[in-house]
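See structure below.
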Amino acid sequence: MSHNTFGHLFRVTTWGESHGPAIGCVVDGCPPGLPLEEAWIQPFLDKRRPGTSKFVTQRQEPDQVRILSGVFEGRTTGTPIALQIENQDQRSKDYGEIASSFRPGHADIAYEWKYGIRDYRGGGRASARETAMRVAAGAIARLVLGEEVTIRGALVQIGADRVDRSAWDWAEVARNEFWCPDAATAERWEAQLSAVRKAGSSIGAVIEVQAEGVPVGLGAPIYGKLDADIAAALMSINAVKGVEIGDGFAAATLSGEENADETRVRQDGTVEFMANHAGGMLGGISTGQPIIARFAVKPTSSILTPRQAVTMTGQNTEILTKGRHDPCVGIRAVPVGEAMLACVLADHLLRHRAQNPDAPRFGRLPRL
């Protein structure tokens, strides 16, 4: 199986399956001399870790990361950084009944058609367990970006229920189990998710990720656009079915006058944008404004309601998926979205420095 690597200069390769002995990744292209230890990576993994509340899968995985290479005396060496997490709470017997059937909504039948073989235990390589290593790589990407760049994510919609943006509070995100920036909405979601969980069903969600302090000039025309790479990275996350940048699809409802992000020059010569409908990028190149992206996650396909399916021998059947599953996989997708955004930005920062090392960090017009 190919295509397990993403990035150009900051490259991440993940490996492992949901019920194998371990999962891991190799981060190549990280500059030397950056301070790195396992304690820096672990808090990001803890945000994604299963079993942390009744609203996520109850699989109990400590997700303790080990650094196997690329770090000496607490600093990166510029060589490949290998990371590993042991799987400790596999229950492969939960998947015995689906060994000869294809679960609706899962990658089972597609993997069988493509490769002629599949690891049916927890979805194997197609499992969201793989995203733990993306989060670990994202922690390293944040070191490359530096303290000037802040990356944050929040759950902004569950089902049809959206957050009240007038009540948005980033501090609230860490206070509830949904990474929700609106306390009142989080209370509604708790009741909604409790009902969904008890029914053995699932529901979808929308996550928003933002990056502030991003330098101008990241991204390149025509096929190296920053927003295109962000969209591809977010779209690669398990269960994601849609991505939008800035106003996204809502931009289609605006007039040209409303959509244009007008600009003025400040006293210090830098450019001030009066709006951010574009989501921090123009022509695929960062403008220094906050980068804003959202992605939609479908309902978890593993549910306890019998669904019509087919077997490997071509028989019609009914199937329900046993095991421990997220009633809303979008909850744990928040740190994954942050990590993917961090990896793309780190990659583009290194690419930009390589091509144009003397470029200004902030947008400033020349003095005439």
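The values are calculated or read from the model by the stated rules, or taken from the named source; none is laboratory data. Since we're looking at a predicted model, the values are computed, not measured. As a convention, Cβ positions derive from the backbone with ideal geometry for all residues, glycine included, and neighbour counts pool all protein chains shown. What goes into the accessible areas is simple: the full protein's heavy atoms, side chains included, and nothing from ligands, DNA or RNA. Shrake-Rupley method; radii C 1.70, N 1.55, O 1.52, S 1.80 Å.
Rg ratio for the stretch 268-322: its Cα radius of gyration over 2.2 N^0.38 Å, N being its residue count, equals 2.36.
Would you work out if the stretch 224-263 is rounded, prolate or oblate? Take a ≥ b ≥ c from the square roots of the eigenvalues of the alpha-carbon gyration tensor; rounded if a/c is under 1.5, else prolate when a/b is larger than b/c, oblate otherwise. Here the stretch 224-263 falls in the oblate category. Taking the Cα atoms of the stretch 131-176, the ratio Rg/Rh between the radius of gyration and the Kirkwood radius comes to 1.07. Here the chain is treated as a sphere whose radius is the Kirkwood value from Cα pairs; by Stokes-Einstein at 4 °C and 1.567 mPa s it diffuses with a coefficient of 59 µm²/s. Restricting to DSSP H runs of at least four residues, report the calculated mean residue ellipticity at 222 nm for the chain, -39500 (n - 2.57) per run over all residues, nearest 500 deg cm²/dmol. One gets -7500 deg cm²/dmol as the mean residue ellipticity at 222 nm. Both radii come from the Cα set of the stretch 231-313: Rg as radius of gyration, Rh as Kirkwood radius; their ratio Rg/Rh reads 1.23. A simple charge model with +1 on the Cβ of Lys and Arg, -1 on the Cβ of Asp and Glu and nothing else charged puts the dipole of the chain at about 800 debye relative to its Cα centre. Take the Kirkwood radius over Cα pairs of the stretch 139-285, plug it into Stokes-Einstein at 25 °C and 0.890 mPa s, and you get 138 µm²/s for translational diffusion.
The protection proxy used here, the mean number of other Cβ atoms lying within 10 Å of each residue, ranks peptides 222-228, 129-135 as follows, highest first: 129-135, 222-228. Solvent-accessible surface of the chain, taken per residue with a 1.4 Å probe and all protein chains present: 48 Å². When every Cα-Cα distance of the stretch 72-213 is counted in 5 angstrom steps from zero, the calculated P(r) takes the values 2, 7, 12, 13, 13, 16, 15, 12, 8, 3, 0 percent. Between 242, 279, 83, the Cα set farthest toward the positive side of the dipole of the chain (charges on each charged residue's Cβ, about the Cα centre) is that of 83.
Peptides 3-15, 342-354 ranked from most to least packed by the mean count of surrounding Cβ atoms within 10 Å: 342-354, 3-15.
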